[in-house]
Each structure stands twice: as C-alpha cells, then as structure tokens.
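Notes for the one structure printed next.
Read the figures in this text as sums done on the coordinates, not as results from a lab. If you're wondering where the values come from, they're calculated on a predicted model, not measured in any experiment. In this analysis, Cβ positions are derived from the backbone assuming ideal geometry, glycine residues included, and neighbour counts consider all displayed protein chains.
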Amino acid sequence: MSAWDRFAFTFLNLEVARTYWLDIAAGISVTVFVGIVVVATGLSLGLVLAGLRSLGLRVVTWPILVFVDLFRSLPPLAIILVIYFGLPNVGIVLPSLVVLWLSLSAVLAAFAEEVFWAGITSVAPGQWLAARSTGLTFGQTFAHVILPQAAKLAVPPLTNRTITITKNVALGSAIGVSDILGQANSALAMSTNATPLTIGAIFYVILFLPLVVASRRLERRFAWGVAGS
Amino acid sequence: MNALAGEFLNLDVMWRVMPMILAGLARSAVLCAVLLPIGLAGGIGAMLLSTSRVRAVRWAAIGAIDFFRAFPPLVLIVFVYAGLPFLGVELPTLASIAIAFFLNASSYFGEIYRAGIRSVPAGQAEAARSTGMTASQTFLSVTFPQAVRNVLPELISNTVELIKLTTLASIVSVPELLHSADLARSLTYNSSPLILAALIYFAILWPLVRLAGRLEHRLR
Amino acid sequence: MLNPDGAGAPAGSRLLEARGIRKSYAALEVLRGVDLVVERGELVFLIGPSGSGKSTLLRCCNRLEEPSAGTLLVDGVDLMSPRIDINRARRQIGMVFQGFNLYPHLDALGNVTLALRKVLRLSRRDAEARAMETLALVHLQDKARSYPGQLSGGQQQRVGIARALALEPKIILMDEPTSALDPELVGSVLGVIRELRERGMTMVIASHEMGFARSAADRVLFLEGGVIVEQGTAEQVFTSAREARTRQFVQQIMH
Ligand SMILES: Nc1ncnc2c1ncn2[C@@H]1O[C@H](COP(=O)(O)OP(=O)(O)O)[C@@H](O)[C@H]1O
Ligand SMILES: [Mg+2]
C-alpha cells in the first residue's frame, strides 16, 4: 500500500463510515443539546451574578467572588470528575448528562460574570445618576441604561469564551456521555479504524467553525468601540 | 456533615495518596514546561503568518487558526493520539499531546499576539523607521514589546487555560496530576484525592487568574 | 536616475532637493508635483490648510511614504536610487512628529539610545553618554529616567527632538511639532528649535506658529491642493502675498 492508500484506509474508510456515521451523527444532538442548555444557563447565571454584584452589598459580593474565582481557576475536567465520582458516595446520584451540564454551566457563569462586571464598571457612574434622577428603578436602570452600554465591551470576549466552554461538551465522553466524541470513540473501538474519529472531527468543525468565523466578524464590528483599549 | 468530610476531605486518605499525587504533579509540571513554550512560540509563528503581506499566506493562516479554534482540544488530542498509530506512526504519548497542543495553543496565542500588534499605533513603527531602524529591528524593539504589554492579561489568561488543558492528557493515560488523583480515587474508594488535586490546581492557577484581572484593570 | 540639475554636480549648498514630487492614494492625488529645495542651514516653514499634503510631503522626503514620482536628493545622494540603503540614508534625516510618537515602553534615555544602539551600533555606555548630551541640548538631562507617560507634552516633544538629533542628522523634518501642545507648553519647544537654528541645523517645519516664523524662518512655503502656491520670506507671505488664496489662508490662521 502506498502512504496515501494507507492514510485513506485509516482515516477516510468509506466502508467504516457507512457503518457508523449514523451512530456518530446521533451524538450531534447530544452535543448541541448540552451546548445550548449550558450556554443558556451559564450566561443567565453570569448576568444575574453580575447584577447582584452591582448592588454593592458585601454579603452578596463575597460569595460571588469566591464562586467566580474558584470556577475560573479549576480545570473543567477536575470539576466534572469531583462531582461525578464524589457525590454518589454521599448519596447523591446524578446522571452524567446532568453532571456535565452543571459543571460547564458553573464555569461559563463564572467567566460571564467577570466579563459582564467589567462591562458594567466601564459605564461612567454619571449614567447611574442620570437614570436614577429621572425616576428609573435600579432594575430599569440596569436593564435599559447600563446593560446596553456594557454589552458593547462584553460581546466579543463573551462569544470567544462561550465557544471555548461549549467545545468542552466533548469532556462528557470521559464520564460516559454519548456526545459526538463518545460515539466516535465507541465506533473506533468496534471498527478498529480511525475513520469514526475523522467523522466526529468533521461534525465538530461543521458545528463550531461557523461560530468561530462569526465571532471573528463580531470582533471586527465591535473593534471601533473599544479602540485604544 | 461527617459523611461529607469523610468523603471529600479525608486527611488520612490524602496523606496516604500523597506520593502518587506529588508524582502526578511533577509530571504535570513537565507537561507545562514542554507545552507552554511550544504554544507561545507557535503563536508568534501563527501571528507572523496571519499578518503576512502575501494574501494567500494570510488567508491560509487565518483559515487554519479558525479551524483549530473550532476543534475541541480533547478531540484533537484523541485524534492525534488514537489516529496516528493506525497509520503505523508510533509516537511517544507526550509527542502526540505536544502536536495537539501546538495546533490548539498556537491558534489562540496567535490571535492574541495579533490583537496586540494591532493595538500599537502606526506612528510607533513610523518613528522607529525614521531613525533608520530596519523593519525587523522596529518589530523586535518597538512594536512587539508594546504589543505584548498591551495583551499581557490575555496572554496570562490563555496560559491558565493551557495549564488547565494539560488535564486532558489524563484521558490518554498520561499519569499527570488529575490522572494520578483519579487513580488514587479508584484505589481508595474516596474522592479526597480529587479534591486534593483540585486544591493544588487552585493554588497554582488562582494567583495567575488574579494577576490577569489586576493587569487588565490597570491597562483599562 | 536623471538628475535634472546635471548628474554628478557637487552637492553645493543644497541639502535637500526634492523635485516634481507626486503622491497618489488610489484615485486621490495628494501631491501634484512639488519642488522643495532647502539650503544648508536654512529654516523653511511649510504652511497650508489641513489636508493640503504637508505631512505627506515631509514623509516623502525620507520615503516613509513612497513618492509616486519625482527626484529626491539629500546632500547629493539620490534617495530614489534602487541601490540606496534607505535605512542608512534616514540617519541623515531626522523627523519629529505631531503626536510625538515616543516609545511608551522606554524611558526618555531609552527613546534616544534605541537607534544609537541598533542603527549606529554604539555600545550601551557610548549611546547613553551621547543621549545625555543630546537631552541636555533640549534641557531635559534630569528627565532621562522618566517615561513618556510621566512627562508633559512639551517635555515629550523635546525628547522627540532629542531622539532625532542624537543621530546627528543633516536635516530635521518637523510635522506640526507644537500643534498637539497646550498653549503654555509651546514656548519651550519653540525655544529649543530656535537654539537648534542658532547652531546651524537645517530644518523644514510644517507649522502655523506665525510669530515664530516671522522671527526665525528664512522662507515660508504655502502648500494647497498638493502644489506650492507661493513662497517667500515670512514678511512677504504673511503681509503682502501675491496670491489671493494665500492671503485668504493667512487671514484665517491669524484669528
Ligand atoms: N494613507 C493614506 N491613505 C489615503 N489618503 C491619505 C493617506 N494619508 C493622507 N491621505 C490624504 O492625503 C491628503 C493630505 O494629507 P496630509 O498630508 O496629512 O495633509 P496635511 O498634513 O497638510 O493636513 C488628505 O486628503 C488625506 O486624507
Ligand atoms: Mg498633517
């Protein structure tokens, strides 16, 4: 066999692809589902935490800071393993899908809180004064005056961070979640051929490349707003 | 409460598995010592290619960068680690991990450097060139140092991410810190080794996370 | 390359001889055949409305901007020659910028020594000794260790002048050196420029400091729409210009 033939047989084997591609495609729904739920949970929790922090109450701020620093400093895989293997021994048994969802949401929430907070603090204090002086409540001021301005600074880093963390859904394969990577791994074991990995990789690229390209555009569009920073 | 402490903060267990954990930590340190320089240097290469004056080179580089940013790092590691042996290429595990990290980290660091270069006003290079400095002297002494300073928080944050990524090596059975801790967990039927590993990661990474935050605040 | 005044003619007293300089950006022709000839020791003032091409002209003189056409001689050396080592040539031509363009990551001394070390390849000690002498010329020897962010605008611009001066150039080009400064800081920079003139430095300055031009400039050039509309002594251009456009412009900047 020539080098190319061997490469094609190993990574681009149509026979193997035909047998397993549907299984691997089934993993897409898991990856997409967990991804969407994590993004929704993580971003809203992050926003809520940032909002609470802007109240400026020490008893609220401290726990938020501990949460944020903890989940920004710990490797996601370590968090997943601690929750997955630790909790059953104290009587709490969670499905691996839920463990994955909780872990990644917490990580995304921690990063999102920081990004939102940076955006909020970048808004001039006069904006709060002006809005409150016209009779807007704290919540109204936050939603209609502060947040739109903060978003400008927050959107590019937030998109990047969200994509990075969503890609971590693949970590679920370590605790038996049948996402794309999990399915590809089982197919790999059964077929003793690397083609399932190629298929999995193609699915990941199809899923995430549009997001990466979109984030690049977004970054360029928002760039003028933070010029010189 | 006692059940919790016995499961998660069992000092006795922690003490017993300590040698294993420390060996894992040493292995993780070696991983970082190899992978971080590869990523930082690869990022400079990616930045130079993606800012090339030749359009074809620039577009190819940006395409490759986006491709590897879209690729989950774990998938990349598994792909290189599990795929190459089928080809008859027997690489040491560390080498396949290094390849995967090189592709991932270069892309992320490359984008950070590029943002840094863009943040340096054009007048800086102009002033340097007006004093007779060559293009490469200007880049090395004027543009690049300022670029790095401007994106130092992002460089530190990404370094933190890269250190976290070394835990993925555990999935391909490299006995690094997390892998050792997980092994210790399965031997002791107790989660304290994982907590111990988490504490070690936190002790190392938290100062870096804080430092990045502080620098970002100062630059803003 | 053809030399319009005869190839190989001695440089004589002409230090800068730019002729027929043209520069286009895409469809926009910014310079439309400008002659700028400067004698040794001369101080030439360049005035003209914003967008008339002053900065572009100055930047063409050391090929920071590539002229689309024209000839360019500095002390008899043809800068447009394909064989020219432009980095070597640029040592002879100092440049001072409107926005200072100091290196923010280096202190005042570092700003001045960088080219001395990288271009002239002086040792650190020699470079620092020369830089200190140059900083003394702009009255900033006691600010050598200050970073640009710790200096006032006037001090920053004087570091910028020292950075150019340290390479011992034959001519210095200044692009609106005082227009980014608060009014009370302008004097210190103009004072340094006047001292340079008294030491015989050749300079081309784009600036609208009319009072200074009156007392120090040998010649004033009025640039508009990419051509030199009029030139003469400061007195002639400011009070008895021939061209209506010149008079109109002078009127505007007097207020
Ligand atoms: N890099 C460039 N690309 C396109 N147009 C330019 C560029 N630099 C200058 N111009 C244009 O050239 C004209 C002259 O600019 P400039 O030399 O800066 O004028 P001045 O210094 O007299 O204000 C302006 O219309 C400006 O918009
Ligand atoms: Mg100008």
Could you list C:Arg117, C:Arg158 in order of exposure, starting from the residue whose Cβ has the fewest other Cβ atoms within 10 Å? C:Arg117, C:Arg158
Using 0.36 nm times the number of residues separating B:Ser52 and B:Val30, minus their current alpha carbon distance, what extension gain do you get? 4.6 nm
Tell me which residues come under 5 Å, amide H to amide H, from C:Glu39 once H is placed; ignore anything under 5 positions away on its chain. C:Leu15
Honestly the range B:62-220 on the Cα gyration tensor test (a ≥ b ≥ c root eigenvalues; a/c under 1.5 rounded, otherwise a/b vs b/c for prolate or oblate) is just oblate
For the range C:133-183, what does the alpha-carbon gyration tensor say about shape, rounded, prolate or oblate, given a ≥ b ≥ c as the root eigenvalues, a/c under 1.5 as rounded, and a/b over b/c as prolate? oblate
Can you pull the one-decimal nm distance between simple spin-label points at C:Asp182 and C:Gln150, each 7 Å off the Cα toward Cβ? 1.9
Which of rounded, prolate, oblate describes the range C:14-254, given a ≥ b ≥ c as roots of the alpha-carbon gyration tensor eigenvalues and a/c under 1.5 marking rounded, otherwise prolate only if a/b is larger than b/c? oblate
Based on DSSP H assignment, which helices of chain A show an axial Cα extent of at least 30 Å together with a mean Kyte-Doolittle hydropathy greater than or equal to 0.5? A:14-53, A:96-122, A:195-223
Note, B:Gly43: beta-carbon cut-off 10 Å, +1 each Lys/Arg, -1 each Asp/Glu, net 0
Tell me, what HN-Hα J-couplings in whole Hz come from the Karplus equation 6.51 cos²θ - 1.76 cosθ + 1.60 at θ = phi - 60° for each residue of the range C:206-223, using x for Gly and Pro? 7, 6, 10, 6, 5, x, 5, 4, 4, 8, 10, 7, 7, 8, 10, 10, 9, 9
If amide H atoms are modeled at 1.01 Å from N in the peptide plane, then the residues at a separation of 5 or more from C:Gln98, or on another chain, having amide H under 5 Å from its own are C:Asp175
Going by C-beta contacts inside 10 Å, put C:Glu195, C:Glu66 in order with the fewest on the left. C:Glu66, C:Glu195
What angle do you read, to the nearest 10 degrees and between 0 and 90, between the alpha-carbon axis of helix B:11-50 and the longest principal axis of chain B? 20
The simple spin-label model distance between A:Ala151 and A:Arg132, using points 7 Å out along Cα→Cβ, in nm, is 2.4
For the range C:88-104, in residue order, the Karplus 3J(HN,Hα) values (coefficients 6.51, -1.76, 1.60; θ = phi - 60°; whole Hz; Gly and Pro = x) are 5, 5, 5, 4, 7, 10, x, 9, 10, 10, 4, x, 6, 6, 6, 7, x
Please rank A:His144, B:His179, C:His255, fewest neighbouring Cβ atoms within 10 Å first, as an exposure proxy. C:His255, A:His144, B:His179
Percent of beta bridges antiparallel (DSSP, the protein assembly as shown, rounded to nearest 5): 55
How charged is the neighbourhood of B:Ser107? Take every other residue with its Cβ under 15 Å from the Cβ of B:Ser107, and add Lys/Arg as +1 and Asp/Glu as -1. 0
Using only Cα atoms, find the angle between the long axis of helix B:55-70 and the longest principal axis of chain B, and express it within 0 to 90 degrees, rounded to the nearest 10. 20
Net charge of Cβ neighbours under 10 Å - reference A:Leu81; Lys, Arg +1; Asp, Glu -1: 0
As I understand it, the value is the acute angle between the Cα axis of helix B:93-119 and the longest principal axis of the Cα atoms of chain B; what does it come to in degrees, rounded to 10? 40
